[in-house]
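The values are calculated or read from the model by the stated rules, or taken from the named source; none is laboratory data. From a predicted model like this one, the values you see are computed outputs, not experimental measurements. Cβ atoms come from the backbone with ideal geometry, glycine included; neighbour counts cover every protein chain shown. These accessible areas exclude ligands, DNA and RNA; they are computed on the full protein's heavy atoms, side chains included. Shrake-Rupley method; radii C 1.70, N 1.55, O 1.52, S 1.80 Å.
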Amino acid sequence: MPFPATFGRRGRLSSGTGWLNYALGFVLLLLFSFAPVPPGAAKKKLKTRNVIIVVIDGPRYSETWDSTSMIPNMATRLKPRGVFLPNFYNNAFTYTNSGHVAITTGINQPIDNYGEELPQQPSIFQYWRKATGKPATAAWLITSKDKLHILGNTLNPEWKDQFMPSMDCGVSGPGSGYRSDSLTLVAVKHILTEYKPNLVLINFMEPDGYAHAGNWAYYLRGISRDDLYVMQLYDFLRKTKAYRNNTTLLITSDHGRHLNGISTGFVDHGDNCEGCRHISLLGLGPDFRVGQTVTEQHTLVDIPATVAYLLGFPMAQGEGKVMQSMFKRQAL
């Protein structure tokens, strides 16, 4: 703007055309004050600087939020500190890869479930890295399932092999097999300590893995253990300077499982039954409401739109919308 140049070193207005420049500058200031707010400007109101998404793979709602004995930490310690969405769904393809692709691209896409196909469109990691210029170590995929390496790239030729996040998937990458969630948590803490990334997706797989094996007891144990790991992650974030008071934690699932009496019951998933579609979302962070339950329905594709809003980067693609009801009034 022109008018600051008309002030002398002691702050006095110059003579002559200085007054004209000052007046013009004041008029422009008024005009810009009423101009439309550009995309991403709301980020200035937000305290979030980091977003971490935790996906607990494949528990049914009936063994989690309908009967909270398996998730005492999330239900009694974390829920009162955040905002909970009980009417949260995967309303499309209820398989692991498709569910995770919805979370990372905002698009419901049928995709090979064995890690042999990349998503059609780029992910939040690629959009965020391009917008910020941050290095690959600022965004991470840390997953118990090796096949989820696909989330880091896309088939879209304009984005393929560009702006990809760093990855720590499975035992040692694609084709290496699944690892236990306890080891994934160790990897998470190491990576957060070493690299201090701003955008992270974590996959815990044990409920899904043991359910597919038909082991009911270990399926429940997987849910209980992941509840504990989420609590440990939350405590770690609170105690770590880089993440304390500036990090949003989103905890959800990629899909549920068949209800009892449908197909093979808890062992499998993949259709549009209520058990497969009904999941949940718990959000904790400096810009979210506290101790609130939001009853309006949302779905997985709303997550990337909300992440883009939280971190202030443009993401034109996607079928979802920002979940405004999660936010404190001053954050909108």
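Some observations on this one:
- Sites residue 132 and residue 272, calculated FRET efficiency, Cβ-Cβ separation with R0 25 Å, nearest 0.05: 0.10
- Partners for residue 145 among aspartates and glutamates (Cα-Cα distance below 12 Å; same-chain residues under 8 apart left out): 57, 168, 181, 206, 208
- Selection from 310, 220, 177 lying farthest towards where the dipole of region 177-332 points positive, charges on Cβ: 310
- Applying the criteria of a DSSP loop state and at most 16 other Cβ atoms within 10 Å to the trypsin sites (Lys or Arg not before Pro) of region 105-178 yields 160.
- Computed over the chain, the per-residue total of -39500 (n - 2.57) for DSSP H runs of n ≥ 4 gives a 222 nm mean residue ellipticity of -9000 deg cm²/dmol, rounded to 500.
- Carbon-plus-sulfur accessible fraction, the chain (probe radius 1.4 Å, protein heavy atoms only): 54%.
- Taking every protein chain into account, the accessible area of region 177-332 amounts to 40 square angstrom per residue (probe 1.4 Å).
- Dipole magnitude for region 225-284: about 500 debye, using +1 per Lys or Arg Cβ and -1 per Asp or Glu Cβ, origin at the Cα centre.
- Contact order normalised by residue count of the chain, Cα under 8 Å, 6+ apart, percent: 30 percent
- Our note on the geometry: Cα centres of region 295-332 and region 194-224, 25 Å apart.
- Cross-link pairs exceeding 20 Å between alpha carbons, from the set 130/241; 239/328; 79/321; 47/160; 189/239: 130/241; 239/328; 79/321; 47/160.
- Taking 0.36 nm per residue of separation and subtracting the Cα-Cα distance, full extension of the segment from residue 260 to residue 172 would add 28.1 nm.
- Cα gyration tensor, region 177-332 - rounded (a/c under 1.5), prolate or oblate: oblate
- In region 40-115, the trypsin sites (Lys or Arg not before Pro) that fall in loop regions by DSSP, at most 15 other Cβ within 10 Å: 47
- Calculated on C-alpha atoms, the gyration radius of region 143-216 divided by its Kirkwood radius gives an Rg/Rh of 1.03.
- 1.4 Å probe accessible area per residue over region 111-168, in Å²: 41 Å²
- Residue 239 versus residue 158: modelled label distance in nm, points set 7 Å from Cα along the beta carbon direction: 4.6 nm
- Charged side chains reduced to their Cβ positions (Lys and Arg at +1, Asp and Glu at -1) give the chain a dipole of some 2300 debye around its Cα centre.
- Cα gyration tensor shape for the chain, rounded if a/c is under 1.5, else prolate or oblate: prolate
- Neighbour-limited loop hits for chymotrypsin sites (Phe, Trp or Tyr not before Pro), region 214-272 (at most 16 other Cβ within 10 Å; DSSP other than H, G, I, E, B): none
- Contour excess over end-to-end distance, with Cα ends at residue 68 and residue 297 and 0.36 nm allotted per residue: 80.4 nm
- With a Förster radius of 30 Å applied to the beta-carbon distance between residue 330 and residue 232, the computed FRET efficiency rounds to 0.45.
- The convex hull built on the alpha-carbon positions of region 57-123 has an orientation-averaged projected area of 5.5 nm².
- Label-to-label distance for residue 193 and residue 87 is 4.3 nm, based on points extended 7 Å past Cα in the beta-carbon direction.
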